[in-house]
Amino acid sequence: SGVLEDSFYFDTEGRVQVGYQYHETGRLDFSYHYDATKGGLMGERYDSTGKKVTGYFTYQKEAMFPGGFDGWIEYLQGHLKANTPAKKKAPAGRYTVTITFLVDKNGQVTEVEALNNPGFGTAEEAVRVVQHSPDWIPAIQNDKPVNYRQKQNITFEVTEK
């Protein structure tokens, strides 16, 4: 139709850095920008005349463990039985389990499953620790909490004695 609908600019890792969406009239509807300090895609709204609607909104934000990445690592260090493979006589090496789970719109963790099983009790232990994690901060889309599927690697390391 010749009318600009949207445009997005991505970084080298494929994340949206800046984006614009337009009304059918061609006027700006939303503008987005990635804000690392807030952990998501933030933006501004514009009405049908092109006037900015006051206040920022969160367009899209991933589910997050309370305390962010550092909080997640602290939780894992305090609750994961990292010696599980060594107790089951695993040879020296690294054993990575990929876990998938759903963080629902209330922040509850459900549908936890291991996508692989390197053995020696690692998959079971990774599933256990994620199942027992506290509620997460739910994902946001268009300023509303939404269900979000999360994928997480958990690595166990066995060293020679």
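The values are calculated or read from the model by the stated rules, or taken from the named source; none is laboratory data. Note that the structure is predicted; figures quoted are calculated from it, not measured. Cβ sites come from the backbone with ideal geometry, for glycine too, and all protein chains shown count toward neighbours. For the accessible areas, the whole protein counts, side chains as well, though only heavy atoms, and no ligand, DNA or RNA atoms are used. Shrake-Rupley method; radii C 1.70, N 1.55, O 1.52, S 1.80 Å.
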Please give, to one decimal in nm, the separation of the simple spin-label points placed at Val16 and His79, each 7 Å out from Cα toward the Cβ. 3.1 nm
Fraction of accessible area attributable to carbon and sulfur, segment 22-161 (%, probe 1.4 Å): 48 percent
Add -39500 (n - 2.57) for each DSSP H run of 4 or more in the chain, then divide by its residues: what number comes out at 222 nm, to the nearest 500 deg cm²/dmol? -4500 deg cm²/dmol
Anchor Lys88: lysines whose Cα lies under 24 Å away (excluding residues fewer than 8 positions away in-chain): Lys161
Determine the sum of side-chain charges near Gln141: Lys and Arg each +1, Asp and Glu each -1, restricted to other residues whose C-beta is under 11 angstrom from that of Gln141. +1
Rounded, prolate or oblate: pick one for segment 74-128, where a ≥ b ≥ c are the square roots of the eigenvalues of its C-alpha gyration tensor, a/c under 1.5 means rounded, and failing that, prolate if a/b is larger than b/c, else oblate. prolate
Give a residue-ordered list of calculated ³J(HN,Hα) values for segment 28-33 (Karplus: 6.51 cos²θ - 1.76 cosθ + 1.60, θ = phi - 60°; whole Hz; x for Gly, Pro). 4, 9, 9, 10, 10, 8
Between 0 and 90 degrees, rounded to the nearest ten: what's the tilt of helix 68-79 against the longest Cα principal axis of the chain? 20 degrees
Across Lys61/Lys151; Lys38/Lys105; Lys38/Lys144; Lys81/Lys105; Lys52/Lys105; Lys81/Lys144, pairs whose alpha-carbon gap is larger than 25 Å: Lys81/Lys105; Lys52/Lys105; Lys81/Lys144
Return one whole number: the accessible area per residue of the chain in Å², for a 1.4 Å probe. 63 Å²
Residue by residue through segment 90-102, which ³J(HN,Hα) values in whole Hz follow from phi under the Karplus form 6.51 cos²θ - 1.76 cosθ + 1.60 (θ = phi - 60°), with glycine and proline marked x? 5, x, 4, x, 10, 10, 9, 10, 9, 10, 10, 7, 9
When all C-alpha to C-alpha distances in the chain are sorted into bins of 10 Å, what percent of pairs does each bin hold, rounded to whole numbers? 10, 29, 26, 18, 11, 5, 1, 0
